[in-house]
1. Cβ contacts < 7 Å: first residue part of a helix (DSSP H, G or I), restricted to the stretch 73-102; second residue among the aromatic types (Phe, Trp, Tyr), any location; separation 6+ or different chain. Result?
2. Within 22 Å of residue 87 (Cβ to Cβ) and touching a Ser or Thr at 6+ places or on another chain (Cβ under 8 Å), is that true of residue 31?
3. Any idea which residue in the stretch 83-95 is farthest from residue 36 (Cα to Cα), counting only those that are crowded, with 19+ Cβ neighbours inside 10 Å and of a type outside the set (Ser, Thr, Tyr)?
4. Considering only residues that are more than 20 Å from residue 92 (Cβ to Cβ), of a type in the set (Phe, Trp, Tyr) and part of a helix (DSSP H, G or I), which ones fall in the stretch 19-65?
5. Checking the condition surrounded by 18 or more Cβ atoms within 10 Å (Cβ to Cβ) and either over 17 Å from the mean Cα position of the chain (by Cα) or more than 29 Å from residue 154 (Cβ to Cβ) (or both), which residue from 99, 58, 80 passes?
6. Can residue 53 be described as farther than 19 Å from residue 117 by Cα and free of Cβ contacts under 8 Å to residues at least 60 places away in the same chain?
7. Is there a residue being touching a strand residue (DSSP E or B) at 6+ places or on another chain (Cβ under 8 Å) and among the β-branched types (Val, Ile, Thr) anywhere in the stretch 93-102?
8. Identify the residue in the stretch 2-31 that is small (Gly, Ala, Ser) and in contact (Cβ under 8 Å) with a residue 24 or more places away in the chain and, among all such residues, is nearest to residue 59 (Cα to Cα).
Amino acid sequence: MKENEQQYIIWQNRAYSYYLAARLLNMKKIYKPATFCGHQALETLLNATLIYWDKSFSPIVAGHKMTKMINAIKNKVPNSKTIDIPEYIFSDQRYINVSRYPARGKGVGIPGTFINDLDDAFAKLVTLVPFQFNSKLLHSLQGDDRANLNILRKANKSIRLLRSYLRPFIRRTA
């Protein structure tokens, strides 16, 4: 396994944990922490994608600059021109900052499409990387972790995209 592949899976696993947390918190109507976790899931998966495709990419240098990471992906990653992460998720860093630190005059706007937007962006980012091996996401889709699979698939309009893209990587059980 190449270094960029190993690092990708490590980062994707972290992103997946935040993604599941966002979905579960949203299901339980705990919205502000859900937005924070959703932001972290996408930011971490952006980092993972760039780590896979760009040997010169440094997550530390990139910081929380999601617009720059999205633009870098569109410039460096094949078939990424249509990647669209809704700007409200990272605009003014509300989901990463205001969701955790109350700020006078600033709120956390959470549209009714939040979870569908998160699902769509997460799934499409996963499809940008042709290397998928032994990840937590694959283990969930294989049914190895039923609890996580249930969180992943509940009202997830992007589950078909994930399943169809990851089907060749899913271990077949007897």
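1. Partner pairs satisfying both residue conditions: 76/53; 89/95; 95/36; 96/36.
2. So residue 31 fails the test.
3. Filtering the stretch 83-95 for residues crowded, with 19+ Cβ neighbours inside 10 Å gives 85, 89-90, 94-95.
If we keep only those that are of a type outside the set (Ser, Thr, Tyr) as well, we get 85, 89-90, 94.
Numbers: 85: 15, 89: 9, 90: 10, 94: 9 Å.
Once the filter is applied, the top-ranked residue is 85.
4. Of everything in the stretch 19-65, those that are more than 20 Å from residue 92 (Cβ to Cβ), of a type in the set (Phe, Trp, Tyr) and part of a helix (DSSP H, G or I) turn out to be 19, 52, 53.
5. 99
6. no
7. Taking every residue of the stretch 93-102 in turn, at least one turns out to be touching a strand residue (DSSP E or B) at 6+ places or on another chain (Cβ under 8 Å) and among the β-branched types (Val, Ile, Thr).
8. In this case the residue turns out to be 15.
The values are calculated or read from the model by the stated rules, or taken from the named source; none is laboratory data. This is a predicted model, so every value here is computed, not measured. Glycine gets a Cβ as well: all are built from the backbone with ideal geometry, and neighbour counts include every protein chain shown.
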